[in-house]
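The block underneath contains the structure these notes are about, expressed in structure tokens.
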Amino acid sequence: MDNNEEKEVISGEVIDEGSSPKNQRPKQPKIGKLFLIALVGGLLGGGIAFGGYAAYQNYESTTVTGENEKGTAKISNIKVNVSTQSTTAFNKIKNAVVSVEAYSKSSSSSSLDDLFGDSSSGETTSESEGSGVIYKKTGDTAFIVTNNHVISGADKVKVLLNSGKKLSATVVGHDSVTDLAVLKINAADVTQVATFGNSNNISVGQTALAIGSPLGSTYATTLTQGIISAKKRTIETTDSDGVSTGQTTVIQTDAAINPGNSGGPLVNLDGQVVGINSMKLTSTGTSSTSSSTSVEGMGFAIPSNEVVKIINLLVKDGKIKRPALGISLINLSYVSTSEQKSALKLPSSVTSGVVVIKVSKNSPAKAAGLQKYDVITSLGGKKVKGLSSLRTALYSHKLGDTVQIQYYRDGTLKTANLKLTLEANDSNTTTASNSGN
């Protein structure tokens, strides 16, 4: 599990920050050391400047006279009202923002442990920290929304309230496609609940506030301010396994979002949640390429309207029910041009799509007559450029819908109606060996 992780957009794709084994997060950055280095650097710089200045100046002794001699400096009793709209908005929601701590056990037994049959002594616990916001209180239960990647793979989850009290949390449901999760805690100590604003009503340029725990609970309930940079930015996303989950529409903001802000709210000046902070763009290339460029001020949040729809379904069913085609695919771009013509017999005008590699028995694709090596180019009237756009088109429908699918077979364009009767899960979801558009 990634520690204090924000998802990162690199080369047009969103990936988990830091490449690590499944559900593993690197240890929390030791920011204390960095902070000390910065201070020491500042002090040394000041000392050098002062020493140099003293070496080249001649000073004359002077005598302090007048009122200053008596040391009569005073603190003014005038009170200045510095309250702003941002302060008011923050006070409306600050006690609803929490730190989320996720723990997972991993076995690291030594040969001595194995020799003496002691497997428990080799267990270690890794911790990931993110943020969340309490959005509902019903009786003795309070519900919290956070990011799926914050709690994914966790054996235990705890929530740290703004008051400093830590509570055990239960995962109600989570969804890797939208990167959202719902937790529940005992509501006895909950004093504030956030409200959702309409994300369709936000405007580019309006003030946006991000609240969360950057770099972990040490900096819990940190407030940063920026603007809405874009209302509807479409980006490519992947799940925790690095598999493309399609395209998603997000809010772009330049409010500072750092590792640990994941799952925290993006707030308007009325204190309403208009988004859930989920990811940021940090570079335009990999660190190994000379073209890599550092990026600042490009964070992304899941719009509140999408959040409300998903968390209501998670509370109701514990998961999001999505249709599956029951096929395995690769992007057409992975097939050489010569094989596209000789093996697939595609017209030269067809340059994008997905190639069927396997069709599962009793699947919607099988019922519609799809076969191995068919090239799908359209689903539900939406053009399919690759796996990502196929998933986006598929997930815009629900179980039971009948959609039209277009595909090429032996150079001929065919059309069929496909009834979505198969629910996506770990064993029958549409799969592929590569990602793309």
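Quick note: the coordinates plus some simple rules give every number you see, no bench work behind them. Model, not experiment: these values are computed from the prediction. In this analysis, Cβ positions are derived from the backbone assuming ideal geometry, glycine residues included, and neighbour counts consider all displayed protein chains.
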With the convex hull built on the alpha-carbon atoms of region 154-271, volume per residue in Å³ sits at 128
Coil-residue trypsin sites (Lys or Arg not before Pro) of region 154-198, DSSP, other Cβ within 10 Å capped at 16
Lys165
Quick one: grab the alpha carbon gyration tensor of region 292-381, order the square roots of its eigenvalues as a ≥ b ≥ c, and give me rounded if a/c is under 1.5, else prolate or oblate depending on whether a/b is larger than b/c.
oblate
Residues in region 375-400, backbone N under 14 Å from the label point at Ala367 (7 Å along the Cα-to-beta-carbon vector): list them, ranges by number please.
398-400
Please give the per residue volume of the convex hull enclosing the alpha carbon atoms of region 254-407, rounded to a whole number of Å³.
190
If you take the beta carbon distance between Ser283 and Asn200 as r and set R0 to 35 Å, what does 1/(1 + (r/R0)^6) give as a FRET efficiency, to the nearest 0.05?
0.65
Viscosity 1.002 mPa s, temperature 20 °C, Stokes-Einstein D of region 323-432 from Kirkwood C-alpha radius, µm²/s:
157
Evaluate E = 1/(1 + (r/R0)^6) for Thr415 and Thr84, where r is the Cβ-Cβ distance and R0 equals 51 Å; express this FRET efficiency to the nearest 0.05.
0.30
